[in-house]
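Chemist: Sending over a structure as structure tokens; questions will come in a sec.
The values are calculated or read from the model by the stated rules, or taken from the named source; none is laboratory data. What you see is a predicted model, and the numbers here were worked out from it, not measured in a lab. With ideal geometry, Cβ positions are generated from the backbone for all residues, glycine too; neighbour counts draw on all protein chains shown. To get the accessible areas, we keep the full protein, side chains included, count just its heavy atoms, and leave off ligands, DNA and RNA. Shrake-Rupley method; radii C 1.70, N 1.55, O 1.52, S 1.80 Å.
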Amino acid sequence: MPLQKSRNRGRLLRRLVPWLVGAVPVICGLAIMHWQAQRELQARALSSAQQAVSHLDRVLDNVAGAARDLLPLAGQPCEQINLALREQVTRRSFVRSTNLTFRDEIYCTSLFGDFREKVNAADYTDGSLWLMNGNSVSPGHPLLVYRLTEGEKGAISTLDGDHLTSALRLIAPSIDLRLQVGEHWIDQRGKVNDGPVPGYALAAEQVHSQHYAFSLHSGFGPGQAWKLMRSEYPALFGLLLFLGASAGTACYWQLRRASSQRAELQRALDADEFVPYFQPVVRQGDYRWAGAEVLMRWQHPREGLVRPDLFIPYAEHSGLIVPMTRRLMEKVGEQLAPLADTFEDGFHLGINITAAHCQDLSLCDDCQALLARFPPGRVKLTLELTERTPIIPSDTTDRLFERLHALGVLLAVDDFGTGQSSLSYLRQFEVDYLKIDQSFVAMIGVDALSLHILDSIIELSGKLGLGIVAEGVETAAQRDYLARYGVDFQQGYLFGRPMPLSDFVNALAEQPTGATVAEPVVPLRS
Ligand code: C2E
Ligand code: CA
Ligand code: CA
């Protein structure tokens, strides 16, 4: 059954929406925190790489200093200078060995003294720095070799790889730091690798040394941003969860309230608690009752009689207004049909209609059913359209109003002059009556500007050939003013308050004939 399906969908939505609403602040907050964490990691990666570069620059200054001191000795016999080479190793804390070269051949070393080995300049990045994966003395053990040349002379000093790895580890234990020299690089584990430095999942940075031919890479593996968020922002996490839970709970209660209001209205509809009250509408001249506006009341089992402005907005919001109005029209038919003989022909019956009722053609059937209960021509049914929820013109509304007019149903714009679409209603829906809002009537004799508007509305209705009804008439002065301006119908406490059927029938029977009514014809009651 489609009704069942849409109810289930509604229930599912009511369950789902609070979770979604609760998730929004959490997701937005997490996204902001994640962005913040990424920025933090980026800053950490950059600062560690900069620190490592400046530390290694200082270490290499020490190593390069040895080469600089020895370079002038290159070319001299090894036995004469061997001691100087060893002295550099001893005096300089980071130097592991020193060597002298002549015409690109090592001929003297601090370790072996006389020694012969060709130097391949291409091994050195920028001719000066070589990251080696060990040599014949310590194979597999990393070494950073510094070379300084001047013409045929050359000096080479080496730095033990352990200094590199411990610096990389100590400067930033939690950051993946890699030192690159040309095509070789070394990580914190101390292994020399060939080829390009692999990329990082997060916050990759590269800082070049300004003094030596190396660069430092830093960055983080995947998941580090979440890890940082968990460790650094636990209070924010708690706050987000609190906000999410609050938003979700508030939404849940709001929906529950709305659905319980709907359920309460539905219960009242099933229990037939909505009843019609009738307020007389009097005609110009003799002020005899020319009809009535049907006004809904809720006969609540505990609260008593409830005014429509307390429940109609919820009924409109929930869509229940349509079945409620339909039921009201049925009741009006049931109650008034037996009295049809006491009405004059063309007795006006005003029914308030909302936009939701104009979305399909069912309103035609409802009007037809109501009219069918009376002899032809006995009742003139008038639908009063308000702007509370505006009616959007469409093919359906065109067909609807065409069929309603064909049935002899009249259209009135309710509360005319208070909304913004009053005038566009006139153009779009071929209305027959304007109902002047009671706020303008109340200003008769009080406010000149409102009175001006009232006069203009009356004039406008005359020019457009529309009938006019003034509501909220409470005093004889208001009645007489409106009469002077030729207003067709009047409605208000002066002539009668909204009343239940029995009172309406009695008062209708007791009406004076022909004469002007100076005082209310029924006792005032709500
Ligand atoms: P409305 O359609 O403008 O109805 C006129 C309202 O003015 C009624 O209030 C009526 O009791 C009140 N009224 C009439 N004469 C006087 C007067 O001389 N002085 C003052 N101060 N008030 C007067 P009520 O019955 O409380 O209805 C309020 C609103 O609720 C109606 O305004 C209408 O918009 C809505 N309503 C009532 N029944 C229905 C219904 O069956 N369907 C829909 N959709 N709305 C309804
Ligand atoms: Ca009305
Ligand atoms: Ca009104």
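Chemist: How many percent of the accessible area of segment 13-245 is carbon or sulfur, using a 1.4 Å probe?
Modeler: Of the solvent-accessible surface of segment 13-245, carbon and sulfur hold 56 percent.
Chemist: Where does each of T101, T342, T149 land when they are ordered by accessible area, with a 1.4 Å probe and the largest first?
Modeler: Ranking T101, T342, T149 by accessible area, largest first, yields T342, T149, T101.
Chemist: What figure in square angstrom, to the nearest 10, would you give for the accessible area of W35 with a 1.4 Å probe?
Modeler: For W35, solvent-accessible area is about 140 Å².
Chemist: F112 versus D455, label points 7 Å from Cα toward the beta carbon: distance in nm?
Modeler: Taking the simple label geometry, F112 and D455 are separated by 12.1 nm.
Chemist: If the chain between D126 and L310 were fully stretched, how many nm would it gain, using 0.36 nm times the residue separation less the Cα-Cα distance?
Modeler: Extra length from D126 to L310 when fully extended: 57.5 nm.
Chemist: Now for a separate question. Heavy atoms only, 1.4 Å probe, whole protein assembly: order R103, R147, R44 by accessible area, highest first.
Modeler: The residues order as R103, R44, R147, largest area first.
Chemist: Gain in length, A477 to C78, computed as 0.36 nm per residue apart minus the alpha-carbon separation, to one decimal in nm?
Modeler: 130.6 nm
Chemist: Going by accessible area, probe 1.4 Å, with all protein chains left in place, what is the ranking of L494, L460, largest first?
Modeler: L460, L494
Chemist: How much accessible area per residue does the chain have, in Å², with a 1.4 Å probe?
Modeler: On a per-residue basis, 51 Å².
Chemist: Could you work out how far helix 321-336 tilts from the main Cα principal axis of the chain, as a 0 to 90 degree angle to the nearest 10?
Modeler: Taking Cα atoms only, the helix is inclined about 10 degrees.
Chemist: While we're looking at this one, here's another question. I'd like to know which of I468, S450, Y481 lies farthest towards the positive end of the charge dipole of segment 434-490, counting +1 on Cβ of Lys and Arg and -1 on Cβ of Asp and Glu.
Modeler: The Cα lying farthest towards the positive end belongs to I468.
Chemist: Round to the nearest 0.05 the FRET efficiency obtained for T249 and L12 when R0 = 22 Å and r is the Cβ-Cβ distance.
Modeler: Efficiency computed from Cβ-Cβ geometry: 0.70.
Chemist: If you don't mind, there's one more thing I want to ask. Write down the percent of antiparallel bridges among all DSSP beta bridges whose residues are both part of the chain, to the nearest 5.
Modeler: 70
Chemist: Here's a follow-up. In degrees between 0 and 90, to the nearest 10, how far off the longest principal axis of the chain does helix 78-91 point, with axes built from Cα atoms?
Modeler: The answer is roughly 40 degrees.
Chemist: In the neighborhood of F102, defined by Cβ-to-Cβ distances under 10 Å, what is the net charge if each Lys or Arg adds +1 and each Asp or Glu adds -1?
Modeler: It works out to a net charge of -1.
Chemist: At 222 nm, what helix-only mean residue ellipticity would the chain give, in deg cm²/dmol to the nearest 500, using -39500 (n - 2.57) for each DSSP H run of four or more?
Modeler: About -15000 deg cm²/dmol.
Chemist: What is the dipole size for segment 13-245, taken about its Cα centre, with +1 at each Lys and Arg Cβ and -1 at each Asp and Glu Cβ, in debye to the nearest 20?
Modeler: Computed charge dipole of segment 13-245: roughly 1120 debye.
Chemist: Another one. How far apart, in nanometres, would the label points at Q428 and T396 be if each is projected 7 angstrom from Cα along the Cα-to-Cβ direction?
Modeler: 1.4
Chemist: Label segment 55-147 by shape, choosing from rounded, prolate and oblate, from the square roots a ≥ b ≥ c of the eigenvalues of the Cα gyration tensor; if a/c is under 1.5 it is rounded, and otherwise prolate applies when a/b is larger than b/c, oblate when it is not.
Modeler: Taking the square roots of the gyration eigenvalues as a ≥ b ≥ c, segment 55-147 is rounded.
Chemist: Express the carbon and sulfur contribution to the solvent-accessible surface of segment 387-517 as a percent, rounded to the nearest whole number, probe 1.4 angstrom.
Modeler: That fraction is 53 percent.
Chemist: Based on the Cβ-Cβ distance of Q359 and A406, what FRET efficiency does E = 1/(1 + (r/R0)^6) give at R0 = 25 Å, to the nearest 0.05?
Modeler: E between Q359 and A406, to the nearest 0.05, is 0.80.
Chemist: Keeping all protein chains in the complex and leaving out DNA, RNA and ligands, what accessible area do you get for K118 with a 1.4 Å probe, in Å² to the nearest 10?
Modeler: Near enough 140 Å² of accessible area.
Chemist: Could you size up the charge dipole of the chain around its Cα centre, putting +1 on the beta carbon of Lys and Arg and -1 on that of Asp and Glu, and report it in debye to the nearest 20?
Modeler: Rounded to the nearest 20 debye, it is 1680 debye.
Chemist: Let me ask you something else. Over segment 13-245, what relative contact order in percent results from Cα pairs under 8 Å that are six or more residues apart?
Modeler: In percent, rounded to a whole number, it is 24.
Chemist: Rounding to the nearest 20 debye, state how big the charge dipole of segment 129-206 is about its Cα centre with +1 on each Lys and Arg Cβ and -1 on each Asp and Glu Cβ.
Modeler: The calculated dipole for segment 129-206 is roughly 140 debye.
Chemist: Could you please report the charge total around V505, scoring K, R as +1 and D, E as -1 over all other residues with beta-carbon less than 14 angstrom from its beta-carbon?
Modeler: Here the charged neighbours net out to -4.
Chemist: Taking the Cβ of D309 as the centre, find all other residues whose Cβ is under 13 Å away and add up their charges (Lys, Arg: +1; Asp, Glu: -1).
Modeler: That works out to +1.
Chemist: Can you work out the Karplus-derived ³J(HN,Hα) for every residue in segment 162-169? Use 6.51 cos²θ - 1.76 cosθ + 1.60 with θ = phi - 60°, whole Hz, and x for glycine or proline.
Modeler: 4, 4, 5, 5, 5, 5, 4, 6
Chemist: I need the shape label for segment 267-509. Rule: rounded when a/c is under 1.5, else prolate if a/b > b/c, else oblate, with a, b, c from the alpha carbon gyration tensor.
Modeler: Judged from the Cα gyration tensor, segment 267-509 comes out rounded (a/c under 1.5).
Chemist: Between 0 and 90 degrees, rounded to the nearest ten: what's the tilt of helix 2-70 against the longest Cα principal axis of the chain?
Modeler: Between the helix axis and the principal axis of the chain, the angle is about 20 degrees.
Chemist: Using 7 Å Cα-to-Cβ label points, what is the R169/Q266 separation (nm, one decimal)?
Modeler: 7.0
Chemist: Okay, next question. Can you give me the relative contact order of segment 120-197 as a percent, contacts being Cα pairs under 8 Å and 6 or more apart?
Modeler: Relative contact order for segment 120-197 comes out at 23 percent.
Chemist: Which residues in segment 94-124 place their backbone N less than 16 Å from a point set 7 Å from the Cα of D162 along the Cα-to-Cβ direction?
Modeler: 94-97
Chemist: May I ask you to order 447-456, 471-480 by the average number of other C-beta atoms within 10 Å around their residues, highest value first?
Modeler: 471-480, 447-456
Chemist: Please give the length that would be gained between S502 and L46 if that part of the chain were fully extended, namely 0.36 nm times their separation in residues minus their C-alpha to C-alpha distance (nm, one decimal).
Modeler: Here the segment from S502 to L46 would lengthen by 155.3 nm.
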